[in-house]
Amino acid sequence: MSTADEIDLAFPENWHRRHLLDLESLSADEIQILLDTAQKLKELTGGCRNKLSLLAGKTLANLFFENSTRTRNSFSLAAKRLGADTVEFSSGGSSVAKGETFVDTAKTIEAMGVDWVCTRHVTPGTPHLLARELRCCVINAGDGPHEHPTQGLLDMLTIRQHRGRLDGLTVALVGDISHSRTARSNIWGLSKLGAHVIICGPPTLVSPRWQELGFEVAHNLDAILHRCDVLNLLRIQFERQKARPFPSVHEYAALYAMNGARMRRAKDDILIMAPGPINRGVEITPEVADGPHSVILEQVTNGIAVRMAALWLLSGAKDASNSTTPAEPIHYV
Amino acid sequence: MSTADEIDLAFPENWHRRHLLDLESLSADEIQILLDTAQKLKELTGGCRNKLSLLAGKTLANLFFENSTRTRNSFSLAAKRLGADTVEFSSGGSSVAKGETFVDTAKTIEAMGVDWVCTRHVTPGTPHLLARELRCCVINAGDGPHEHPTQGLLDMLTIRQHRGRLDGLTVALVGDISHSRTARSNIWGLSKLGAHVIICGPPTLVSPRWQELGFEVAHNLDAILHRCDVLNLLRIQFERQKARPFPSVHEYAALYAMNGARMRRAKDDILIMAPGPINRGVEITPEVADGPHSVILEQVTNGIAVRMAALWLLSGAKDASNSTTPAEPIHYV
Amino acid sequence: MSTADEIDLAFPENWHRRHLLDLESLSADEIQILLDTAQKLKELTGGCRNKLSLLAGKTLANLFFENSTRTRNSFSLAAKRLGADTVEFSSGGSSVAKGETFVDTAKTIEAMGVDWVCTRHVTPGTPHLLARELRCCVINAGDGPHEHPTQGLLDMLTIRQHRGRLDGLTVALVGDISHSRTARSNIWGLSKLGAHVIICGPPTLVSPRWQELGFEVAHNLDAILHRCDVLNLLRIQFERQKARPFPSVHEYAALYAMNGARMRRAKDDILIMAPGPINRGVEITPEVADGPHSVILEQVTNGIAVRMAALWLLSGAKDASNSTTPAEPIHYV
């Protein structure tokens with residue numbers, strides 16, 4: 001294990017944020033710093049496998065109010081790979097059930113001496129609220145359908161590793177846009193770095209507001225397929241939907257699933273991504289998920305990389321003056 | 001990370017206990033050692049934030065049979081701040097569901113090589129039972145309504161940090177005394193160190209036995225308010241009550257909640273404490289909870305300090321001869 | 001904490017496996033290496049209490065699809081005692097509930113950079129499936145009623161510590177053989193190392209196939225008791241049984257429970273073992289469980305030892321060519 005000096009890792013002097021709440025409010029430069037740092041930390045840890053002691057003595061608190069094993073553990077592993085300790089809070093068995101407010105819960109956890117609170121909550125804007133109330137760093141691990149910034153970053157890092165750039169690439173986000181925080185973080189992050197984003201899905205799952213905002217919207221995957229450098233196949237989030245937005249899973253798959261026939265009509269070097277967990281046979285068939293164009297497992301590894309980068313950058317920010325968030329309600333598409 | 005020698009932390013030679021079961025059976029000197037050690041460890045860890053390696057290689061097992069995220073994590077963080085590992089056992093999914101006895105469960109955990117078993121159980125006296133059966137250190141993290149000694153210690157440490165002493169102060173415990181292990185640990189701890197304790201609450205929630213034991217009992221907060229240096233506002237534990245002990249939450253709040261009007265009639269330097277989680281609008285109003293007299297979040301930080309002290313003192317006790325507990329049933333008010 | 005060089009622990013050059021799936025497919029030499037390594041690591045850690053840094057920087061993932069606190073924590077503690085980190089996945093709250101396949105879940109965890117996946121699943125052969133699909137090490141922590149190899153190893157280590165050998169000893173496995181993975185791992189492991197195994201239980205809980213395979217089968221404990229050097233008393237797994245295989249618990253206990261009367265007819269130096277959790281009054285009475293012949297708690301300590309050995313050996317295997325498992329269905333008695 002090594003310190004930042006020993007591994008020749010200079011803290012980027014133009015990084016000032018102490019919270020990672022969304023990609024919409026980050027500048028292109030800030031996103032680049034996150035991606036560059038993630039790439040460097042991935043290399044320094046031998047592909048996210050080895051430990052450094054950059055964050056020794058610090059503590060990450062996971063405060064998850066929605067079920068998650070994967071994202072929670074990815075943050076925990078990222079913290080441990082950099083030498084930090086972790087502590088887990090969840091809604092089950094916690095004091096929220098005893099009548100405590102969300103902010104009081106978070107302040108109590110902060111008072112135990114933690115350095116980051118990483119939170120997931122069904123309500124959009126919850127991490128922004130915490131960032132105003134806490135002195136420690138706040139990371140959004142998903143606020144309802146709003147944003148999931150580290151998921152957006154890991155998707156972008158994966159594309160950049162394969163193509164060397166994001167600028168000028170055409171990336172389609174396919175499926176359930178309305179319920180997808182992954183979609184929103186990708187849309188803002190990719191477009192800021194110069195990618196052309198196509199938002200593709202059934203009309204019931206894509207807001208017309210995206211077109212008004214200047215994004216390309218498509219309802220027919222086959223019509224755009226030949227132009228795409230990357231497909232990011234979003235999971236149908238059955239658990240978030242109150243009404244079924246399409247006649248059947250079979251019909252959805254017929255129109256939007258990535259399968260062998262569609263692969264033959266796609267670009268030769270197309271990248272197939274999915275945020276996971278995947279529903280084989282719904283948004284993606286096994287031959288595509290397990291095929292040579294799929295980078296789904298690389299996305300998981302890059303999740304460790306971007307979370308290491310976020311933890312290190314946020315905790316090292318010296319000037320918190322840029323980090324204040326206006327006390328306004330969250331508006332999003 | 002540093003050893004005890006490097007940080008100039010001498011083990012107190014008159015500390016001999018290997019278990020922390022309650023404050024009622026501790027001497028005033030023993031409580032002073034716990035508070036002094038907690039204060040010193042708080043300073044050595046930069047306010048309970050940094051790590052020492054005092055307990056490196058040792059393992060804390062949390063064996064909680066009642067839901068708790070906060071206390072459990074506070075013990076875990078205290079252990080990690082001193083370099084120890086932690087392992088979590090709970091009733092859900094454990095072998096107790098398969099017919100194992102409580103003592104067999106604890107002995108099995110001990111056989112895995114743990115140094116402390118920290119336990120919470122609905123039945124008073126359970127930690128005392130374990131202390132007789134196990135060779136490792138036992139810490140009571142709450143045995144039903146009986147005691148919660150580290151909560152008592154953290155409350156006392158918080159008062160001492162603000163007033164420099166406990167002797168001669170008037171401290172009122174307000175609310176649901178009958179169901180409160182926090183109350184019992186405070187009553188014994190504070191009175192041993194010379195504070196004047198007022199036990200205040202509705203007649204349905206305060207046993208007349210306290211008066212027989214020589215404690216001041218009050219049923220009218222307004223009548224004692226002007227004399228109090230400290231108020232410790234206990235949460236109404238709705239989940240423990242079989243019958244509702246007062247007509248309505250509204251009436252309880254009217255009589256016992258600490259609010260702005262009562263603050264204006266209190267001493268200028270009154271300390272407002274609450275063990276948390278707080279029910280805003282029930283035992284405390286937001287203006288008081290968030291006001292300048294509130295030390296609620298300092299209590300949380302001091303919880304780490306006293307738990308570090310307990311772990312270090314118990315595991316360092318060389319002579320276990322004083323630690324035997326008589327095999328008698330627990331009697332308590 | 002020390003490296004392997006400093007503590008003079010040579011990696012056995014004839015160990016090549018990267019997975020521990022069952023004892024049936026191990027050679028006698030391989031089982032000896034596991035037991036010898038466990039014994040050495042137990043000594044080097046002062047009876048499984050102190051830490052070494054043999055596996056620093058590595059990560060164990062527990063992927064448990066059946067409830068388990070004890071085995072899961074035993075693996076975690078073994079990993080931590082050798083300096084590794086651990087991460088916990090379970091079926092509750094995980095992505096399996098969102099439609100993900102078991103193999104996809106495991107591959108996702110592997111992609112986070114873990115070194116071992118330790119898995120428990122209700123379906124026999126599940127760890128064998130994972131071993132074919134993953135590049136990291138796979139450890140079977142119980143696959144339904146099939147095998148639980150570390151339990152078999154810890155039982156064998158416990159006997160060897162008391163008797164200095166396994167060869168020539170008579171060991172009876174008593175009780176619910178049909179539902180017991182502990183039984184199967186003991187049967188294969190003990191018989192490979194030269195012990196005489198007696199499989200003893202009600203006809204409804206012992207397959208006649210064992211006799212066809214050449215093992216001694218007994219339905220009357222009293223008839224074999226005088227010949228036994230070791231009794232391993234299996235728990236009646238009420239939770240696995242669809243039909244009750246005997247008239248009453250009382251009748252089962254009358255025929256198969258180890259009690260004081262039977263102890264007086266047993267060999268003077270008989271060892272009493274049980275995999276735990278024990279049902280006092282069913283398969284064992286308190287006077288036997290807590291008596292001088294009982295080594296039940298030593299078994300728990302040895303569980304840490306054999307799991308440390310497994311983690312170290314599997315992760316150190318340099319040549320993976322011997323570790324491939326044929327893609328065949330699991331057959332077992």
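The values are calculated or read from the model by the stated rules, or taken from the named source; none is laboratory data. On a predicted model such as this, the values are computed, not experimentally measured, just so you know. Reconstructed Cβ throughout: ideal geometry from the backbone, glycine too, with neighbour counts over all protein chains shown.
Just checking, how many residues over region C:229-254 are at pLDDT 95 or above and over 14 Å from residue C:177 (Cα atoms)?
Of the residues in that region, 2 qualify.
Anything in region B:234-256 that is away from every other protein chain (no Cβ under 14 Å), of a type outside the set (S, T, N, Q) and either surrounded by 21 or more Cβ atoms within 10 Å (Cβ to Cβ) or part of a loop (DSSP other than H, G, I, E, B) (or both)? List them, or say none.
B:242, B:243, B:244, B:245, B:246, B:247, B:256
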Take residues that are buried (at least 23 other Cβ atoms within 10 Å of the Cβ) and tell me which of the helices (runs of 4 or more DSSP H) falling wholly in region C:171-224 contain 1 or more. C:181-192
Would you call residue C:101 facing another protein chain (nearest Cβ under 7 Å), surrounded by 22 or more Cβ atoms within 10 Å (Cβ to Cβ) and over 22 Å from the mean Cα position of the chain (by Cα)? no
Of residues in region C:60-89 being closer than 15 Å to residue B:85 by Cα and among the β-branched types (Val, Ile, Thr), the one farthest from the other protein chains (Cβ to nearest Cβ): C:86
Which residues, counting only those in region B:278-293, are among the hydrophobic types (A, V, I, L, M, F, W, C) and within 21 Å of the chain's Cα centre (by Cα)? B:278, B:284, B:289
Candidate set: region C:278-293, residues that are part of a helix (DSSP H, G or I) and within 11 Å of chain B (Cβ to nearest Cβ); chosen: the one farthest from residue C:232 (Cα to Cα): C:286
Determine the pairs where a residue that is more than 15 Å from residue A:88 (Cα to Cα), located within region A:114-125, has a partner that is surrounded by fewer than 24 Cβ atoms within 10 Å (Cβ to Cβ) and among the charged types (D, E, K, R) with Cβ atoms under 8 Å apart, the partner being 6 or more residues away or on another chain. A:122/A:66
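With crowded, with 23+ Cβ neighbours inside 10 Å, assigned by TED's automatic domain parsing to the domain that holds residue A:78 and assigned to a loop (DSSP other than H, G, I, E, B) as the only criterion, which of A:138, A:114 stands out?
Numbers: A:138 fails: assigned to a loop (DSSP other than H, G, I, E, B).
A:114 is the lone residue from the list that is crowded, with 23+ Cβ neighbours inside 10 Å, assigned by TED's automatic domain parsing to the domain that holds residue A:78 and assigned to a loop (DSSP other than H, G, I, E, B).
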So which of C:206, C:230 is assigned by TED's automatic domain parsing to the domain that holds residue C:159, touching a residue at least 60 places away in the same chain (Cβ under 8 Å) and within 20 Å of the chain's Cα centre (by Cα)? C:230
Collect the residues in region B:37-59 that are surrounded by fewer than 19 Cβ atoms within 10 Å (Cβ to Cβ), at the interface with another protein chain (Cβ under 10 Å from one of its Cβ atoms) and closer than 30 Å to residue C:45 by Cβ, keeping them in residue-number order. B:50, B:56, B:57
For region C:148-195, what are the residues that are in contact with a Gly (Cβ under 6 Å, 6 or more places away or on another chain) and more than 17 Å from residue C:29 (Cα to Cα)? C:148, C:175, C:177, C:181
So in region B:257-277, with the set limited to residues that are within 14 Å of chain A (Cβ to nearest Cβ) and under 26 Å from residue B:164 (Cβ atoms), which one is nearest to the chain's Cα centre (by Cα)? B:275
Which members of region C:120-165 meet the condition of being more than 13 Å from the chain's Cα centre (by Cα) and of a type in the set (S, T, N, Q)? C:123, C:126, C:161
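Residues are listed down the side, and each one gets a yes or a no for (1) farther than 17 Å from residue C:155 by Cβ; (2) in contact with a Ser or Thr (Cβ under 8 Å, 6 or more places away or on another chain):
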site: C:10; (1), (2): yes, no
site: C:13; (1), (2): yes, no
site: C:17; (1), (2): yes, yes
site: C:32; (1), (2): no, no
site: C:36; (1), (2): no, no
site: C:56; (1), (2): yes, no
site: C:61; (1), (2): yes, yes
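If we scan region B:292-311, do we find a residue that is modelled with pLDDT of 95 or more, among the basic types (Lys, Arg) and under 30 Å from residue B:13 (Cα atoms)?
Quick first cut of region B:292-311, residues modelled with pLDDT of 95 or more only: B:292-311.
Next, only the ones that are among the basic types (Lys, Arg) stay: B:307.
From what is left, the residues that are under 30 Å from residue B:13 (Cα atoms) are B:307.
Checked region B:292-311: at least one residue is modelled with pLDDT of 95 or more, among the basic types (Lys, Arg) and under 30 Å from residue B:13 (Cα atoms).
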Of the conditions (1) under 25 Å from residue A:304 (Cα atoms); (2) hydrophobic (A, V, I, L, M, F, W, C); (3) out of contact with any strand residue (DSSP E or B) (no Cβ under 6 Å at 6 or more places or on another chain), the single one that residue A:173 does not satisfy is (3)
Could you please let me know if residue C:143 is in the same structural domain as residue C:313 (by TED's automatic domain parsing) and in contact with a Lys or Arg (Cβ under 6 Å, 6 or more places away or on another chain)? no
